[in-house]
Amino acid sequence: MSQQLDRAKQLQGELVKQYYKQVRETVERGGKVAYCFVMANPIELLKVFDIAPIYPEITSLQISYRGGAPPLIGLSEEFGYSTDCCGYVKMGVATVLNNGQTSIGYIPTPDLAMLTYSGCQIYIHWWEQYQYLRGTPVFTIDIPYVRDYDGHIPRHDIRYVAGQLEELIPKLEQFTGKRFDEEKLREIIRLSAEAWDLWRRCLETGKLKPSPIDAYFEAIYYMSAITLIRGSRECVDFYRFLLDELMARYEQGVGPTPEERFRLVFEGVPNYPFFSRFWGLFRGWNARCVAATYPKVAGIIDMGAFSLNPDKPIESLAEYMIHAYCNWNMISRANLIQRYVREYEADGVVIHSIKSCRSFSMGHGDIREYLIKDLDVPALHIESDHVDPRYYSEAQLKNRVDAFFESLSIRKGV
Amino acid sequence: MTMLETSSTIQLFEEHVEDSYASFNMVRRWKEELGRKALGYFPVYFPEELAHALNMLPINLLGASGRLPLDIATAHTQSFVCSITKSVFQLAAQDILEMFDVLVFSNICDVARNLSGIMRRNFGAKYHIEYIHYPINNTSAHAVGYLEEEYRRVIGGLERVSGIKMRDEALRDAIGLYNRKRELMNRLAELRSEKPWLLPYTEYYTAIRAGEFMPVERFNQAMESFLREVESRTTRPADRVRVIVKGDFCEQPPLMYMKTIEDAGCYIVGDEALIGPRWIGEINAHADNPIRALAKAYVMNTTPLTVRYHPSIDKRKHIIELVKDMNAEGVIFITPKFCEPALYDYIIYKTALDKAGIPYLHLEYEESTSSFEHVRTMVETFAESIMFD
């Protein structure tokens with residue numbers, strides 16, 4: 001594939017740099033920094049108050065991607081955190097213990113910690129560490145788990161989340177000294193909604209044959225914009241650019257691998273310290289991920305679960321906050337994977353469990369059983385970690401991955 | 001002869017406890033004798049009153065404690081999860097829970113939450129499976145109303161299983177009975193804290209665990225008689241270190257593990273065994289709206305529970321006060337393998353204890369742990385370091 005049709009990744013890199021620059025500028029002009037989670041953050045509302053978000057999940061994965069995880073994990077483990085604690089938490093706590101100094105530069109420490117409890121129980125414990133270690137105020141929004149197995153959301157859940165968002169507004173006014181501007185919120189939501197819609201369309205290009213996108217390994221680069229700069233014109237422009245690039249790839253018959261031999265659905269968090277080599281295990285077989293669940297952690301945008309609506313800003317934010325991928329129950333998650341296999345005409349499913357994240361990984365064995373035994377869909381279940389290089393065993397993974405593709409080849413007759 | 005008329009109270013408790021790992025014959029017998037359905041709940045907390053008021057026997061699913069292989073469960077879960085999760089799945093997979101009608105899970109951790117879904121997918125045809133999302137923003141003005149509606153949603157499902165409608169009067173009666181149960185459990189815990197030489201930990205644990213497998217009326221009656229018996233004992237105190245144990249709020253440590261701690265020179269004057277059924281304290285049994293009273297008691301409670309966040313709780317203050325109130329000389333953290341909530345609370349507590357100069361020890365366990373030499377050595381050293389300090 002020519003570099004001409006792979007420019008969005010570079011653009012994404014520049015946007016990330018710009019985002020950090022904006023955070024620094026906010027700090028310099030006396031604005032506040034909020035630590036936020038990728039799942040369910042009400043960033044549209046925080047932006048109204050000129051609060052700059054830092055996402056320790058993203059800073060940790062960026063550090064890990066560049067090989068900088070071990071010293072931070074080591075620092076936390078010396079402090080007393082167990083090897084069984086989440087690597088993100090250990091890196092996030094170590095970053096703060098280290099006064100923001102990391103291998104990728106200075107990460108501002110939090111003025112407040114925005115606790116959006118959606119899809120991850122460890123979110124609570126993580127922010128609690130900042131509360132106790134450095135007295136960071138924690139602002140809490142409790143988001144009920146999607147517990148009805150037909151995907152139905154009780155009205156009292158939406159009312160409860162929306163009610164808490166209403167309560168958050170005066171707290172943010174008091175914290176920042178700025179008045180709430182509803183019109184500004186509507187405008188940010190309008191921009192967010194536009195970006196979400198374009199992002200959905202980008203991901204859905206995976207339905208094309210051959211797929212112009214690797215909706216897992218490439219999407220991991222592309223998805224950072226929807227979290228980091230959502231609610232801005234730049235974010236909308238980025239996804240429009242990406243969509244054009246993907247369609248141009250399709251028209252010219254090119255894609256992320258020289259050819260498309262296998263179409264996969266991917267479930268689980270990637271391995272960041274060895275990201276390129278990990279991707280290589282699949283790319284080497286000319287396999288393209290046509291759909292994946294991980295890019296939906298910030299919001300399941302492609303099943304009509306939620307859509308931001310500037311006319312109902314608070315209620316639609318509440319609905320978005322409920323539909324983070326890991327906030328869906330395991331049956332709904334398994335059904336989503338099944339739907340992806342069907343609608344994206346995939347040959348098989350790869351499930352990558354990670355030691356750190358029980359929210360994502362607990363029950364992965366059951367999804368595998370379901371796919372293989374009930375649906376006759378080939379599935380591979382492998383394990384490592386997302387940030388801790390100690391749990392990556394490439395030789396072992398390669399054996400499993402190769403065996404999977406060999407059996408897929410026989411099944412598919414290719 | 002009914003079950004209560006066996007030779008001694010402690011034997012009655014022991015029979016229930018021995019049956020509560022991998023057989024549940026007592027649950028079947030009580031169901032038949034009383035004509036009730038059985039509701040099993042995964043720790044830590046469930047408003048047992050709701051079940052009782054709907055003619056159900058609430059049973060705490062505490063795992064198989066090493067009495068089963070975990071092969072089926074391991075294939076369905078993941079490598080890095082705690083044993084209780086696997087053993088509860090295994091119990092269902094081997095049909096050992098067949099006498100249960102309802103299983104309830106809640107948001108104590110990610111593992112238990114996901115367990116609810118895979119239990120539902122595999123065994124949803126056998127049991128009515130519920131999941132309760134307890135609020136964590138308990139300082140929000142919306143929390144009580146939300147939980148009340150959540151309880152009403154759950155009640156709707158339970159009514160379909162039991163075939164009867166929830167009546168306020170029945171719920172008020174149930175709250176009264178469970179208030180009494182909590183009072184008795186707490187009385188035993190206080191007695192242990194005040195005079196730990198009167199009953200070894202093994203007896204204490206057996207008594208309170210039995211309460212999770214007996215009908216509340218029978219348990220209360222038995223517990224009253226047990227308390228009288230313990231209070232009349234004349235055992236003399238030994239020279240041991242008074243310790244608080246934290247971490248045993250969900251997965252059960254082997255009883256031998258706790259006995260080893262005591263035998264290594266300690267009195268366990270406080271711990272978190274079966275904390276869920278007693279943590280909530282006294283609930284208003286005369287409220288016009290008893291469902292709301294249950295919700296309010298949950299939301300307003302500011303006693304820390306590792307699996308429940310409450311924005312206005314100060315855990316550091318709590319641990320220091322607890323040590324003081326219990327007149328304890330040290331804290332032993334025992335963490336179930338892979339239990340993240342306990343591992344994070346450990347950090348919060350340990351930094352507070354460091355600051356206050358209170359000694360502590362951190363150990364791990366699994367429900368199937370069978371070698372205790374390491375525990376003995378660690379605790380002996382810990383106890384001696386306190387004694388000779």
message: As an exercise: evaluate B:Glu224 against (1) in a helix (DSSP H, G or I); (2) in contact with a strand residue (DSSP E or B) (Cβ under 9 Å, 6 or more places away or on another chain) and give the number of the one condition it does not meet.
response: (2)
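For (1) in a helix (DSSP H, G or I); (2) in contact with a Pro (Cβ under 6 Å, 6 or more places away or on another chain); (3) not β-branched (Val, Ile, Thr), each residue gets a yes or a no:
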residue	(1), (2), (3)
A:Phe180	no, no, yes
A:Arg186	yes, yes, yes
A:Arg190	yes, yes, yes
A:Ala193	yes, no, yes
A:Ala225	yes, no, yes
A:Phe238	yes, no, yes
A:Ala248	yes, no, yes
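I need the full set of residues from region B:111-126 which are among the hydrophobic types (A, V, I, L, M, F, W, C) and facing another protein chain (nearest Cβ under 8 Å), in order please. Walk me through it before giving the result.
Initially, region B:111-126 is screened for residues among the hydrophobic types (A, V, I, L, M, F, W, C), giving B:111-112, B:115, B:118-119, B:123, B:125.
Scanning region B:111-126 gives B:Val111, B:Leu115, B:Ile118.
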- prompt: Of everything in region A:347-366 that's more than 14 Å from chain B (Cβ to nearest Cβ) and closer than 17 Å to A:Pro270 by Cα, which residue is surrounded by the most Cβ atoms within 10 Å (Cβ to Cβ)?
  reply: A:Val349
query: Can you tell me which residue in region A:136-159 is nearest to the other protein chains (Cβ to nearest Cβ), limited to those that are buried (at least 16 other Cβ atoms within 10 Å of the Cβ) and among the basic types (Lys, Arg)?
result: A:Arg147
Out of B:Ile84, B:Ile108, sole residue that is buried (at least 19 other Cβ atoms within 10 Å of the Cβ), within 11 Å of chain A (Cβ to nearest Cβ) and either modelled with pLDDT under 95 or under 26 Å from A:Glu383 (Cα atoms) (or both): B:Ile108
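Check every one of the helices (runs of 4 or more DSSP H) wholly within region B:234-312 and list those with 1 or more residues that are among the small types (Gly, Ala, Ser) and under 19 Å from the mean Cα position of the chain (by Cα). Explain how you work it out, then say what you get.
Values: elements: B:255-263, B:275-279, B:290-300.
Answer list for region B:234-312: B:275-279, B:290-300.
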- prompt: Are there any pairs, at least 6 apart or on different chains, whose C-beta atoms fall under 6 Å, with the first in region A:49-67 and within 12 Å of A:Val33 (Cα to Cα) and the second among the charged types (D, E, K, R), and if so, which?
  reply: A:Phe49/A:Lys178; A:Ile51/A:Lys32
Pair list, Cβ under 9 Å, 6 or more apart: region B:306-317 residue more than 10 Å from chain A (Cβ to nearest Cβ), other residue surrounded by fewer than 17 Cβ atoms within 10 Å (Cβ to Cβ): B:Ser312/B:Thr139; B:Ser312/B:Thr302
query: How about region A:124-135: which of its residues are hydrophobic (A, V, I, L, M, F, W, C), more than 7 Å from chain B (Cβ to nearest Cβ) and over 16 Å from A:Ile54 (Cα atoms)?
result: A:Leu133
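Would you confirm, using the coordinates I've provided, whether A:Ile124 is free of Cβ contacts under 8 Å to residues at least 12 places away in the same chain, of a type in the set (Val, Ile, Thr) and in a helix (DSSP H, G or I)?
On the way: free of Cβ contacts under 8 Å to residues at least 12 places away in the same chain: yes; of a type in the set (Val, Ile, Thr): yes; in a helix (DSSP H, G or I): yes.
Yes, satisfied.
Counting only residues that are β-branched (Val, Ile, Thr) and farther than 15 Å from A:Ala292 by Cβ, which one in region A:316-346 is nearest to the other protein chains (Cβ to nearest Cβ)?
Across region A:316-346, the extreme among qualifying residues is A:Ile331.
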query: If you go through region B:149-172 one residue at a time, how many are away from chain A (no Cβ under 14 Å), within 18 Å of B:Phe46 (Cβ to Cβ) and surrounded by 14 or more Cβ atoms within 10 Å (Cβ to Cβ)?
result: 6
- prompt: Does A:Gly67 qualify as being buried (at least 24 other Cβ atoms within 10 Å of the Cβ) and either closer than 26 Å to B:Lys337 by Cβ or of a type outside the set (A, V, I, L, M, F, W, C) (or both)?
  reply: no
All positions within region B:335-365 that are aromatic (Phe, Trp, Tyr) and facing another protein chain (nearest Cβ under 8 Å): B:Phe338, B:Tyr344, B:Tyr346
- request: Please work out if A:Val341 is among the β-branched types (Val, Ile, Thr), surrounded by fewer than 24 Cβ atoms within 10 Å (Cβ to Cβ) and in contact with a Leu (Cβ under 9 Å, 6 or more places away or on another chain).
  value: yes
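Yes or no, residue by residue, for (1) in the same structural domain as A:Leu46 (by TED's automatic domain parsing); (2) touching a Phe, Trp or Tyr at 6+ places or on another chain (Cβ under 9 Å); (3) of a type in the set (A, V, I, L, M):
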position: A:Met91; (1), (2), (3): yes, no, yes
position: A:Ala94; (1), (2), (3): yes, yes, yes
position: A:Asn99; (1), (2), (3): yes, yes, no
position: A:Ile107; (1), (2), (3): yes, yes, yes
position: A:Thr116; (1), (2), (3): yes, yes, no
position: A:Trp126; (1), (2), (3): yes, yes, no
position: A:Gly135; (1), (2), (3): yes, no, no
position: A:Asp150; (1), (2), (3): yes, no, no
position: A:Glu166; (1), (2), (3): yes, no, no
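Considering each of A:Pro295, A:Pro310 in turn, give the residue that is assigned to a loop (DSSP other than H, G, I, E, B) and either within 14 Å of chain B (Cβ to nearest Cβ) or over 20 Å from A:Asp142 (Cα atoms) (or both).
Numbers: A:Pro295 fails: assigned to a loop (DSSP other than H, G, I, E, B).
Exactly one residue qualifies, and that residue is A:Pro310.
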Residue match in region A:367-383 (condition: within 12 Å of chain B (Cβ to nearest Cβ), hydrophobic (A, V, I, L, M, F, W, C), closer than 30 Å to A:Glu166 by Cα and part of a helix (DSSP H, G or I)): no
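Just to be sure, is A:Glu194 more than 14 Å from chain B (Cβ to nearest Cβ) and at pLDDT 95 or above?
Working: more than 14 Å from chain B (Cβ to nearest Cβ): yes; at pLDDT 95 or above: yes.
Yes: the conditions hold for A:Glu194.
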- prompt: Which of the residues belonging to region A:98-114 are of a type outside the set (D, E, K, R) and part of a loop (DSSP other than H, G, I, E, B)?
  reply: A:Asn98, A:Asn99, A:Gly100, A:Ser103, A:Ile104, A:Ile107, A:Pro108, A:Thr109, A:Pro110
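Pull up region B:127-140, narrow it to residues that are within 7 Å of another protein chain (Cβ to nearest Cβ) and of a type outside the set (Phe, Trp, Tyr), then point me to the one that is farthest from A:Glu128 (Cα to Cα).
To start, the set of residues in region B:127-140 that are within 7 Å of another protein chain (Cβ to nearest Cβ) comprises B:131, B:133, B:135-137, B:140.
With the extra rule that they be of a type outside the set (Phe, Trp, Tyr), the set shrinks to B:133, B:135-137, B:140.
On the way: B:His133: 20, B:Pro135: 16, B:Ile136: 13, B:Asn137: 13, B:Ser140: 18 Å.
Once the filter is applied, the top-ranked residue is B:His133.
The values are calculated or read from the model by the stated rules, or taken from the named source; none is laboratory data. Quick caveat: nothing in here was measured; it's all calculated off a predicted structure. Every residue, glycine among them, receives a Cβ derived from its backbone with ideal geometry; neighbour counts consider all protein chains shown.
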